[in-house]
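The values are calculated or read from the model by the stated rules, or taken from the named source; none is laboratory data. Keep in mind that this is a model prediction, so the values were computed, not measured. All Cβ positions, even for glycine, are placed from backbone atoms using ideal geometry, and neighbour counts span all protein chains on display.
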Amino acid sequence: MAALARLVQSEDADSAASALADAIGVAVEHEGTCLLAFHRDAPPEVFHHTLEPAGRRHYVDRYVAGPYLLDPLYLLALSDEKPGVCRFRDESPDRFRSSEYYRQYCERTHLTDEMDFLVDVSAHSALVLVVGRRTRRFTKAELERLKLVEPVVHAAMRNIWQRSSASTRRQEQGGSLHQRLTRCFENFGDGLLTEREQQITQLLLRGHSTKSVARELGIAPGTVMVHKRNLFAKLGITSQYELFSLFIDAL
């Protein structure tokens with residue numbers, strides 16, 4: 001109750017975000033939080049985090065520069081049928097943990113487990129609160145407690161959004177950048193790859209396996225393998241790592 005009182009008494013968005021992280025820490029022990037705003041027409045914004053300065057520069061600043069387009073959480077947050085709270089590993093593609101994106105941007109956070117609260121705050125934006133655990137996974141009882149506090153967390157997240165007047169200004173400034181990054185992703189391989197090969201490339205970059213790509217596109221796994229060999233040959237690469245590197249270079 002004392003933690004909730006501090007949350008209610010918060011005078012600005014930043015203090016409210018800190019108080020929210022503390023309140024969740026009473027419900028379950030965690031080792032880091034990050035509050036992000038995902039937009040349909042602008043790059044993500046980091047409202048609050050508990051990363052040290054070096055961690056922010058390496059994980060956060062690099063992330064919002066473009067690779068967020070490959071993040072399953074980004075896609076989930078802006079979907080029409082998202083859960084209010086979920087476990088990150090349950091919402092990721094089947095080969096996500098072996099993808100180059102995971103190695104470069106997730107594995108280096110050293111999070112063993114992650115729970116995410118998601119809530120729409122406007123027609124174009126959603127807030128996501130990441131609650132991380134480095135030393136061990138959340139237990140079933142802890143997951144249930146996080147689900148129980150979901151209404152309070154969502155209300156606090158909406159309140160933080162409403163108090164943050166800087167969000168609208170930054171979103172407007174970032175719109176053209178987001179459009180350029182999105183076009184870069186959608187047009188990656190233009191002039192070299194067929195439309196189907198580009199679709200497969202996008203799914204591979206986002207961590208889907210051959211079987212998962214086949215399910216997403218409604219084609220046979222063998223057909224996916226043929227397309228994969230062809231697109232690798234056209235791009236002059238031999239591995240997923242090289243594919244990811246080409247995409248990052250393009251960004």
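Tabulated values for the structure
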{"item": "Candidate set from region 26-76 (those that are of a type in the set (A, V, I, L, M, F, W, C) and in a loop (DSSP other than H, G, I, E, B)); member that is modelled with the lowest pLDDT", "result": "51"}
{"item": "Any hit, region 85-97, residues being acidic (Asp, Glu) and either in a helix (DSSP H, G or I) or crowded, with 20+ Cβ neighbours inside 10 Å (or both)", "result": "yes"}
{"item": "Checklist (1) modelled with pLDDT of 95 or more; (2) within 19 Å of the chain's Cα centre (by Cα); (3) crowded, with 16+ Cβ neighbours inside 10 Å applied to residue 104, failing item", "result": "(1)"}
{"item": "Within region 19-40, considering residues that are small (Gly, Ala, Ser) and crowded, with 16+ Cβ neighbours inside 10 Å, the one nearest to the chain's Cα centre (by Cα)", "result": "37"}
{"item": "Residue match in region 161-171 (condition: part of a helix (DSSP H, G or I), more than 21 Å from the chain's Cα centre (by Cα), of a type outside the set (Asp, Glu) and buried (at least 16 other Cβ atoms within 10 Å of the Cβ))", "result": "yes"}
{"item": "Filtered residues of region 212-236 (kept if within 17 Å of residue 72 (Cβ to Cβ) and either surrounded by fewer than 19 Cβ atoms within 10 Å (Cβ to Cβ) or hydrophobic (A, V, I, L, M, F, W, C) (or both))", "result": "213, 215, 216"}
{"item": "Within region 217-228, tally of residues that are in a helix (DSSP H, G or I), within 29 Å of the chain's Cα centre (by Cα) and farther than 19 Å from residue 187 by Cα", "result": "3"}
{"item": "Odd one out for residue 47, checked against (1) under 30 Å from residue 199 (Cβ atoms); (2) buried (at least 20 other Cβ atoms within 10 Å of the Cβ)", "result": "(1)"}
{"item": "Qualifying positions in region 113-158 - of a type in the set (S, T, N, Q) and either buried (at least 18 other Cβ atoms within 10 Å of the Cβ) or in contact with an Asp or Glu (Cβ under 9 Å, 6 or more places away or on another chain) (or both)", "result": "125, 135"}
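So that you can scan it fast, the table gives a plain yes or no per residue for (1) modelled with pLDDT of 95 or more; (2) surrounded by fewer than 15 Cβ atoms within 10 Å (Cβ to Cβ); (3) under 28 Å from residue 126 (Cα atoms); (4) touching a Phe, Trp or Tyr at 6+ places or on another chain (Cβ under 7 Å):
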{"position": "173", "(1), (2), (3), (4)": "no, yes, yes, no"}
{"position": "238", "(1), (2), (3), (4)": "no, yes, no, yes"}
{"position": "242", "(1), (2), (3), (4)": "no, yes, no, no"}
{"position": "246", "(1), (2), (3), (4)": "no, no, no, no"}
